[in-house]
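Structure first, commentary second.
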Amino acid sequence: FTNACTVTFVGYYIDSVQVYLPHSGSGWNLIGGLSGENLPIDDPDGIIVSNSLYEYTDTYIPVEFLNPGKGYWIRNTESGTVIINNA
């Protein structure tokens, strides 16, 4: 957008999703949160680099959990699936 504005998204409540993270040259992927707040990422195959989850608000900020309406950078060592679960 060229100017600051508020955008409203309407959709269904999602409480669980499996996300496939491909591994490319740098290993960084962009993911989003679900409908619930402060959600952890379950990494059953151990592909996520420790302490590599970041949100961006004027600068990159390391975080531990996902919140709705935000995008997050996450780094993985190989391709695989992670689980974001609000249950």
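Structural remarks
- Loop-located GluC sites (Glu not before Pro) in the chain (DSSP state other than H, G, I, E, B) with a sparse environment of at most 16 neighbouring Cβ atoms within 10 Å: E37, E64, E78.
- Under the Debye formula (equal points on every Cα, no solvent term), log10 I(q)/I(0) of the chain at q = 0.25, 0.26 Å⁻¹: -1.32, -1.38
- Put simply, the amide H of S35, placed in the peptide plane, has neighbours under 5 Å in I14, leaving out anything fewer than 5 places away on its chain.
Here, each number is a calculation from the coordinates, and none is a lab measurement. Remember, predicted model here, so these are calculated numbers, not experimental data. All Cβ positions, even for glycine, are placed from backbone atoms using ideal geometry, and neighbour counts span all protein chains on display.
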